[in-house]
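The values are calculated or read from the model by the stated rules, or taken from the named source; none is laboratory data. Note that this is a predicted model, so its numbers are computed, not measured. In this analysis, Cβ positions are derived from the backbone assuming ideal geometry, glycine residues included, and neighbour counts consider all displayed protein chains. Ligands, DNA and RNA are excluded from the accessible area calculation, which covers all protein heavy atoms including side chains. Shrake-Rupley method; radii C 1.70, N 1.55, O 1.52, S 1.80 Å.
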Amino acid sequence: MPVPWFLLSLALGRSPVVLSLERLVGPQDATHCSPGLSCRLWDSDILCLPGDIVPAPGPVLAPTHLQTELVLRCQKETDCDLCLRVAVHLAVHGHWEEPEDEEKFGGAADSGVEEPRNASLQAQVVLSFQAYPTARCVLLEVQVPAALVQFGQSVGSVVYDCFEAALGSEVRIWSYTQPRYEKELNHTQQLPALPWLNVSADGDNVHLVLNVSEEQHFGLSLYWNQVQGPPKPRWHKNLTGPQIITLNHTDLVPCLCIQVWPLEPDSVRTNICPFREDPRAHQNLWQAARLQLLTLQSWLLDAPCSLPAEAALCWRAPGGDPCQPLVPPLSWENVTVDVLEFPLLKGHPNLCVQQVNSSEKLQLQECLWADSLGPLKDDVLLLETRGPQDNRSLCALEPSGCTSLPSKASTRAARLGEYLLQDLQSGQCLQLWDDDLGALWACPMDKYIHKRWALVWLACLLFAAALSLILLLKKDHAKGWLRLLKQDVRSGAAARGRAALLLYSADDSGFERLVGALASALCQLPLRVAVDLWSRRELSAQGPVAWFHAQRRQTLQEGGVVVLLFSPGAVALCSEWLQDGVSGPGAHGPHDAFRASLSCVLPDFLQGRAPGSYVGACFDRLLHPDAVPALFRTVPVFTLPSQLPDFLGALQQPRAPRSGRLQERAEQVSRALQPALDSYFHPPGTPAPGRGVGPGAGPGAGDGT
């Protein structure tokens, strides 16, 4: 629909500004090119498929520069559309490869090889336009005569008339050849906006002011403008008359754009993206960004807008020390909103991903492997550097830096350097990364800590023996000393924490990550948690039945508790066992400990031994407690996270007093569990229920027509 003359005057200014724009008559697109070149526009649009970059077979034409100009396409004298003219400047890139015959015989090759060098060059140049909600691609054929073919020199330009766009819209333009020999050119053109739409700030709030007549009906839409892919609508409503719409500052992100249009057929839509440079919008963007582990080697940055940044792996040791970047030997990787891969061989809970912005300020850091592999381990990371002639050097990463091995320094790694090198040679260290420049190894320190504690316990036993001799000599005080010693033993057992065996059905990978997050959160409490996720090697070696039987016996002998985590898959397996008494052969995988555990769990429930040693749990919104088979409801069944305080109380020692910190611990577990719950119930890319921006956000907010 042509734009009325007075609207163009408002947007572009009074005459002679509007009158100075060139006018094109007629609706047809056209093309023309520099003198000496010939060009043709294809009759119809094409699919926007750039394809991969391929090597040039010789000299080729390539776009080098894009130039835009505003023109008017008029149907009548005073009814015109704003149109964008694009000029693509071309140059000759590449060169002829010398034939092998000429290299061998001194140029005595067939004279027919010279013919292509004297021929003209042809190219198919693609122009891709994107202006929300419109996108199109056109194809221009260009031919350059042989006389103008000079390597590295410009040959002229081809001009396309023209791409129609709405007032206030942002037009993104890409240009490349088919096939594509080089990276595509890109250019962004912001068209003038109408003055009746503006944005103002009022403290923490932002006002959208629309100065239109009281009888005017118009539509208003908020959307996230995406660099790749279609825009993501956030909110839409049909309104009447002048309006002032308030947005909370927490809803602002750099790619949040506004679109306004009158509710008329074929009406012009006005777009504005006013928050690109707003510091609050950039801060909100980083706060909304989330990292999600896809596979062992790849992770996804999920954010509303593109986040140009650099990411690297870092090593985080227990104790609260800063995460140390593994650069070098690994390198920083550029990332926006996309999947990024690191060349890892194995995952480790101490490996984290950290991201910095263009100012090298740390913005985001997450230990993605901790949920599936357990809490941080007291391992030492060894960095192996490989030089020329098989020269190798090793150093241990510590908070003070990388300590060379062997070394006479006073650090922990230096004192244990000889043992670490022996563990590395004997294959007890886990290799995380390997290439021609070096490697990363994670070496466990648990056994050295156990040796140190063994010496401490030996000293304690000697002290206890000496104390016993003294008590024998002073029988009058013997009862008092024994009473104190008994209290110390009880307090030590309480501090060590109760054992908890977590059983679940591996319904899918998302539920496994949710279970891993729960187990990691419980490890922060005085609990010793065992779960098959963290014992896959032992599970594969022993088999599910043997592994579970050993874990159950050890847990119950130590006065621990077995936690049955029910899900739809677990309920189905329990029902199958209760009906048939046995599972189908070959129906379970090598790591399905829950199915294997039912043969040992069911006798405890059938013979009444379960109360006091078993508890049940399920997640809110995933399973109702009434869905759990009645046999298993003879023990308490809690819903998480709504009944976390009662659940944690049931996991305490049977005779332990109710701690006043139980509510505080429940809130701690809930905070640690919430990101995993959000990721499971609201996967990245799907908006959470009830969340939106603008008035009327939530279900049913976009039902206006």
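Return the only residue of I244, I258, I272 being of a type in the set (A, V, I, L, M) and open to solvent by 80 Å² or more (accessible area, probe 1.4 Å).
Testing whether each residue is of a type in the set (A, V, I, L, M) and open to solvent by 80 Å² or more (accessible area, probe 1.4 Å) leaves just I244.
Of all the residues that make up segment 570-595, how many are part of a helix (DSSP H, G or I), at pLDDT below 85 and either hydrophobic (A, V, I, L, M, F, W, C) or open to solvent by less than 20 Å² (accessible area, probe 1.4 Å) (or both)?
Final tally of qualifying residues: 4.
From the list L622, L598, pick out the single residue that is of a type in the set (A, V, I, L, M), over 30 Å from H682 (Cα atoms) and at pLDDT 80 or above.
L598
Go through segment 302-311 residue by residue and tally those that are modelled with pLDDT of 80 or more and either under 20 Å from L397 (Cβ atoms) or in a helix (DSSP H, G or I) (or both).
Number of matching residues: 0.
For segment 424-437, give me each residue that is in a loop (DSSP other than H, G, I, E, B) and of a type outside the set (A, V, I, L, M).
In the first step, residues of segment 424-437 are kept if they are in a loop (DSSP other than H, G, I, E, B); the result is 426-429, 435-437.
Correct list: S426, G427, Q428, C429, D435, D436.
Got a number for residues in segment 288-301 being modelled with pLDDT of 80 or more and either open to solvent by less than 40 Å² (accessible area, probe 1.4 Å) or touching a Lys or Arg at 6+ places or on another chain (Cβ under 7 Å) (or both)?
1
Please specify each residue of segment 206-232 satisfying the condition of being touching a residue at least 60 places away in the same chain (Cβ under 8 Å), assigned to a strand (DSSP E or B) and open to solvent by 60 Å² or more (accessible area, probe 1.4 Å).
K232
Taking L376 as the residue in question, decide whether it is crowded, with 18+ Cβ neighbours inside 10 Å and either in contact with a helix residue (DSSP H, G or I) (Cβ under 9 Å, 6 or more places away or on another chain) or at pLDDT below 85 (or both).
It is true that L376 is crowded, with 18+ Cβ neighbours inside 10 Å and either in contact with a helix residue (DSSP H, G or I) (Cβ under 9 Å, 6 or more places away or on another chain) or at pLDDT below 85 (or both).
Take the conditions touching a residue at least 60 places away in the same chain (Cβ under 8 Å) and part of a helix (DSSP H, G or I) and apply them to W235. Does it pass?
no
Before we move on, is R609 of a type in the set (K, R) and modelled with pLDDT of 90 or more?
In short, no.
Could you tell me whether any residue of segment 197-204 is buried (at least 17 other Cβ atoms within 10 Å of the Cβ) and at pLDDT below 85?
First, pick out the residues of segment 197-204 that are buried (at least 17 other Cβ atoms within 10 Å of the Cβ): 197.
Imposing the further condition that a residue be at pLDDT below 85 reduces the set to 197.
Taking every residue of segment 197-204 in turn, at least one turns out to be buried (at least 17 other Cβ atoms within 10 Å of the Cβ) and at pLDDT below 85.
Looking only at segment 138-152, which residues are surrounded by fewer than 11 Cβ atoms within 10 Å (Cβ to Cβ) and closer than 11 Å to C39 by Cβ?
none
Mind counting the residues in segment 628-649 that are small (G, A, S) and in contact with a Ser or Thr (Cβ under 9 Å, 6 or more places away or on another chain)?
1
Could you list, in sequence order, the residues of segment 153-184 that are open to solvent by less than 40 Å² (accessible area, probe 1.4 Å), within 29 Å of T270 (Cα to Cα) and not in a loop (DSSP other than H, G, I, E, B)?
Within segment 153-184, V159, Y160, D161, C162, F163, E170, V171, I173, S175, Y176 qualify.
Note down all Cβ pairs under 7 Å where the first residue falls in segment 387-405 and is open to solvent by less than 30 Å² (accessible area, probe 1.4 Å), the second is modelled with pLDDT of 80 or more and not in a strand (DSSP E or B), and they're at least six residues apart or on different chains.
A396/L420; L405/L420; L405/L421
Do you know which of the residues in segment 501-554 that are surrounded by fewer than 14 Cβ atoms within 10 Å (Cβ to Cβ) and among the aliphatic types (A, V, I, L, M) is modelled with the highest pLDDT?
My answer is A550.
Does S128 satisfy the criteria of being open to solvent by less than 10 Å² (accessible area, probe 1.4 Å) and of a type in the set (G, A, S)?
No: the conditions fail for S128.
Check whether at least one residue in segment 387-400 is within 30 Å of A517 (Cβ to Cβ), out of contact with any Lys or Arg (no Cβ under 9 Å at 6 or more places or on another chain), modelled with pLDDT of 80 or more and not in a strand (DSSP E or B), and report yes or no.
Residues of segment 387-400 within 30 Å of A517 (Cβ to Cβ): 397-399.
Now narrow it down to the ones that are out of contact with any Lys or Arg (no Cβ under 9 Å at 6 or more places or on another chain): 397, 399.
Restricting the remaining residues to those that are modelled with pLDDT of 80 or more gives 397.
Add one more test, that the residue is not in a strand (DSSP E or B), and what stays is none.
Taking every residue of segment 387-400 in turn, none turns out to be within 30 Å of A517 (Cβ to Cβ), out of contact with any Lys or Arg (no Cβ under 9 Å at 6 or more places or on another chain), modelled with pLDDT of 80 or more and not in a strand (DSSP E or B).
Exactly one of these conditions fails for P57: (1) at pLDDT below 75; (2) open to solvent by 60 Å² or more (accessible area, probe 1.4 Å). Give me its number.
(1)
Quick grid of which residues meet (1) open to solvent by 80 Å² or more (accessible area, probe 1.4 Å); (2) at pLDDT 80 or above; (3) not in a loop (DSSP other than H, G, I, E, B); (4) not hydrophobic (A, V, I, L, M, F, W, C):
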| position | (1), (2), (3), (4) |
| --- | --- |
| Q422 | yes, yes, yes, yes |
| R483 | yes, no, yes, yes |
| V489 | yes, no, yes, no |
| G492 | no, no, yes, yes |
